[in-house]
Each structure stands twice: as structure tokens, then as C-alpha cells.
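The values are calculated or read from the model by the stated rules, or taken from the named source; none is laboratory data. Here the structure is a predicted model, which is why all the values come from computation and not from measurement. Cβ placement follows ideal geometry from the backbone for every residue including glycine, while neighbour counts extend to all protein chains displayed. Heads up: the accessible areas ignore ligands, DNA and RNA and are worked out on the full protein's heavy atoms, side chains in. Shrake-Rupley method; radii C 1.70, N 1.55, O 1.52, S 1.80 Å.
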Amino acid sequence: MRAMEKMFLWFVSVIFVLSKFVNSYEFEEFFYNKTEGAFLESVYGASAAGAPTPLMVGLTIIHGAAARGAVCLDGTLPGYHIHRGYGSGANSWLIQLEGGGWCNSVRSCVYRKKTRRGSSNYMEKQIPFTGILSNRAEENPDFFNWNRVKVRYCDGASFIGDSEDKAAGLQFRGKRIYQAAMDELMSKGMRYAKQALLSGCSAGGLASIMHCNDFSNSLPHTKVKCLSDAGLFMDAIDVSGGHSIRNFFGGVVMTQGLQNTLPRTCTNHLDATSCFFPQNLIGNIRTPLFILNAAYDSWQLQESLAPRTADPHGLWHDCTLNNERCSPSQIQFLQGFRTHMLNAVKRFSASRQSGLFINSCFAHCQSERQDTWFSDNSPTINNKPIALAVGDWYFDRNGVKAIDCAYPCDRTCHNLVFK
């Protein structure tokens with residue numbers, strides 16, 4: 001009986017410690033919050049009823065990465081998933097940089113290295129290729145037969161860090177991981193590409209902006225463009241008047257020493273934390289870039305605008321879970337966020353080579369999900385779904401500068417609702 005009591009007391013103490021840990025803002029941010037959870041469930045979960053079974057693609061470990069120090073947070077080797085192109089797409093390459101939040105402290109990075117976002121030991125051996133990665137023309141009309149690659153994310157700082165914390169056993173080698181992946185793909189035929197698109201979603205969407213010029217420089221004889229999906233993280237004021245997301249990004253920058261690796265075109269006139277915000281980077285992207293974003297991005301609503309630290313009394317709780325539960329004053333606040341986003345891309349959108357699709361939805365990551373990328377009822381602006389907008393822009397069939405009318409006018413949205 002005494003042994004059972006000891007076990008019970010130990011269990012209670014563990015639950016108490018974990019509850020205190022989970023209630024901390026930094027843990028909530030870096031871990032798989034509600035928004036990302038719903039996204040991952042959509043991408044990695046079971047197919048919708050009646051939908052064809054998605055293509056499952058195996059994990060390839062980059063065995064040559066260790067020699068160059070290109071390793072995950074825990075020191076394991078990085079990896080990617082590749083499905084070869086064929087026919088007219090045999091010499092075209094689509095590279096998608098995986099997303100999945102960040103870690104903003106040694107403590108949160110130590111926890112993260114025991115997950116698939118910090119170690120290849122925990123990565124799925126196979127993942128489904130859906131949306132922009134699908135191999136079916138009826139699901140992915142312009143890129144279905146390209147070489148399609150998903151580079152796994154295990155560094156915690158959008159593939160941009162290059163430092164270490166020996167005492168904590170942490171490797172911050174995102175930049176080296178990116179380069180090791182690109183070099184291996186070059187050896188597998190990408191160096192001969194006639195067309196290439198670097199894409200990414202969420203933290204990967206931010207990474208696709210940061211690496212866009214580098215990707216283009218590595219393929220000087222190739223038609224290269226970049227796509228950032230849900231990567232337009234705004235340096236916004238939260239519902240309490242504070243700067244939750246700036247404080248969080250500041251922790252990411254400081255923990256991994258990103259001031260040394262962020263684009264010099266930005267850090268030569270702004271502080272390093274400001275240079276982790278894409279609104280301060282897009283003006284220096286020489287390569288054609290397409291920004292796909294929801295004007296009321298669900299992740300930013302939950303974790304930047306109204307995190308628990310900024311809303312201690314839970315006045316925004318219901319609104320962050322379901323847009324239909326937002327009060328008129330809350331909607332007014334969110335309209336201000338949308339205006340902030342549109343102002344941030346105004347100069348960017350003036351460029352002929354840029355592309356834009358900002359729909360008035362409560363969503364996050366719309367290129368990997370089949371229902372939002374290209375389906376019978378996928379979101380549209382001016383009757384054009386996302387897949388066709390991106391395709392028209394990439395292949396120069398039409399210029400695309402699609403900005404939706406303000407909420408609630410768009411009835412085609414697939415708004416994320418959380419329980």
C-alpha cells in the first residue's frame with residue numbers, strides 16, 4: 001500500500017509540474033497549439049469521406065549532413081520526403097519547407113528536441129502528399145507531375161539559425177540543414193531544373209521568404225519563384241496593448257543567436273527581432289514571390305493577438321475558437337489587423353513580379369490542405385481558387401493581386417473552428 005501511495009504522490013507532483021509548464025506562454029507558443037493541431041490533423045489525418053487515399057511518401061535521411069554539422073536540435077540527421085516528377089514535369093522542382101512553430105528559450109528547445117520538430121528519431125516514416133504536393137492532376141493541376149519535396153523542420157527557427165548550446169545539448173543548425181537538403185537535391189537532378197518553386201507554410205512560409213534569394217542564386221539558369229503560405233507574421237499589438245509576438249520572436253532570435261544569420265539587407269538598418277518579421281524582409285526579395293495568407297490568420301489570432309497572457313480573463317476565448325462568436329468590437333479590432341496586413345504588403349504588391357492572395361478567412365496554411373488548395377468548394381477570390389491563382393502567377397498566364405473584401409463578405413472560406 002505504501003508503494004502505491006508513493007506512486008500516487010509522484011504522479012500528482014508530475015501533473016502539477018506539467019500543468020505549470022503548459023500554462024507558461026513560451027510553452028504554449030512553441031508547442032503544437034490548437035491552430036497547428038487542426039492543420040496537422042487535416043494534412044496528416046484520415047482523408048475526408050469519399051476522398052481518394054493520398055499518396056504516402058517515405059522519409060529520406062540526409063546521411064552526409066553530419067559531416068557538415070547540419071543536424072536537428074538533438075543532433076540527429078535531418079530528412080526530407082521526395083516524389084519524383086515525370087513527363088512534362090520531369091525537370092521541374094517544387095521544394096516545400098515544413099512549418100511547425102518555434103522554440104524561444106533553452107527550456108522550450110530542450111522539450112522540442114524530444115518531438116518530431118526537433119529530432120528525426122520522432123519523425124513520421126511516411127507522410128501524405130496533399131494539396132500542392134498531390135500527384136493527381138484533378139487535385140493539383142499545375143504541379144502534380146513535378147518533382148515534389150517536403151524538407152522536414154527540426155531546428156526551431158525557420159531554417160535560419162547556426163549556433164549551439166553545448167551545455168543544454170542543443171544544436172541550432174537550421175541554415176546548415178537547409179543547405180544540406182538543397183545540395184543533396186541538386187545531386188539528385190535539381191541542378192538541371194528548368195523550373196523551380198520554393199514554398200513553405202507557417203514557420204516554413206517565413207523560411208521560404210528568408211531563403212528565396214539564396215534559392216534563386218543557386219539555380220542561375222532556372223525559372224525560380226517562391227511561395228509563402230501563412231508566413232506573413234505581423235509585428236502586431238495584442239488585445240492588451242502589448243507586443244506578445246514581438247516578445248516571443250525576440251526570444252527565438254536571442255536563444256539561437258539569429259542576429260548573425262538573418263538577412264544583412266535587413267539587419268544593417270533594423271534590430272534583429274524586427275528582421276524576423278517578414279514585413280521587413282519582403283521589400284528586399286529580388287526573386288518573384290507570392291504571398292498567400294488569410295487576413296484573419298487563425299494562428300496569429302490565437303497566439304499573437306489574443307494569447308492567454310494578453311487575455312487573462314478569457315474575454316477573447318470564444319472568439320479565438322470560432323469567428324462566429326466574436327463580438328462586434330472584437331471584429332472591429334480584427335479589421336484593424338487586416339488593415340495592418342494590407343498596408344504591410346502595399347509596396348510589395350506594386351511590383352509586377354509579385355503575387356498576392358489574401359482572403360478574408362479565419363484559416364492558417366491553405367496550400368497543403370486539399371480542401372483549401374483545390375477542390376469543388378475550395379476558397380476563391382473573384383471565382384478563382386488558390387491553386388489556379390498560384391499557377392496563373394507562376395506560369396505568367398495572368399498577374400495575380402487578389403485581395404478579398406473584408407469579413408464577412410466571403411462565403412467560400414473554410415474557417416477553422418476549434419472546440
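Multiply the residue separation of Val106 and Ser88 by 0.36 nm, subtract the distance between their alpha-carbon atoms, and state the gained length in nm to one decimal.
1.8 nm
Work through the residues other than Ser349 whose Cβ is under 15 Å from its Cβ and net out their charges, Lys, Arg +1 and Asp, Glu -1. Walk me through the numbers before you get to the answer.
Details: positive: Arg338, Lys346, Arg347, Arg352, Lys401; negative: Asp404.
Its environment carries a net charge of +4.
Where does each of 241-251, 345-355, 330-340, 171-181 land if you order them by average Cβ count within 10 Å, highest first?
Numbers: 241-251: 18.7, 345-355: 14.7, 330-340: 16.5, 171-181: 25.0.
Packing order, densest peptide first, comes out as 171-181, 241-251, 330-340, 345-355.
Could you tell me what percent of the accessible area of the range 53-403 is made up of carbon and sulfur, with a 1.4 Å probe and every protein chain present?
The value for the range 53-403 is 49 percent carbon and sulfur by accessible area.
Sum up the charges of everything whose Cβ sits under 13 Å from the Cβ of Asn213, counting Lys and Arg as +1 and Asp and Glu as -1, but leave Asn213 out.
Combined, the nearby Lys, Arg, Asp and Glu give +2.
Spin-label point model (7 Å from Cα, Cβ direction): what's the Met254 to Ser329 distance in nm?
3.3
Using 15 Å as the cut-off for backbone N distance, which residues of the range 52-89 belong to the label zone defined by a point 7 Å from the Cα of Tyr122 along Cα→Cβ?
Within reach of a label on Tyr122: 72-77.
Once the Cβ-Cβ distance between Asn217 and Ala406 is put in as r, and R0 is 30 Å, what FRET efficiency do you end up with, to the nearest 0.05?
It comes out at approximately 0.20.
Modelling each spin label as a point 7 Å along the Cα-to-Cβ direction, I'd like the Lys188/Thr339 distance in nm, to one decimal.
Rounded to a tenth, the inter-label distance reads 4.8 nm.
Working out 0.36 nm times the residue gap between Phe395 and Ala168, then minus their Cα-Cα distance, what length gain in nm do you get to one decimal?
77.0 nm
Using a probe radius of 1.4 Å on heavy atoms only, what accessible surface per residue do you get for the range 299-373? Whole Å² is fine.
Computed with neighbouring chains in place, this is 42 Å² per residue.
Could you tell me the calculated FRET efficiency between Ile61 and Asn377, based on Cβ-Cβ distance and R0 = 51 angstrom, to the nearest 0.05?
My answer for the efficiency is 0.85.
Please list, or write none, the lysines whose alpha carbon is within less than 21 Å of the alpha carbon of Lys346, excluding same-chain residues fewer than 8 places away.
Lys225, Lys401
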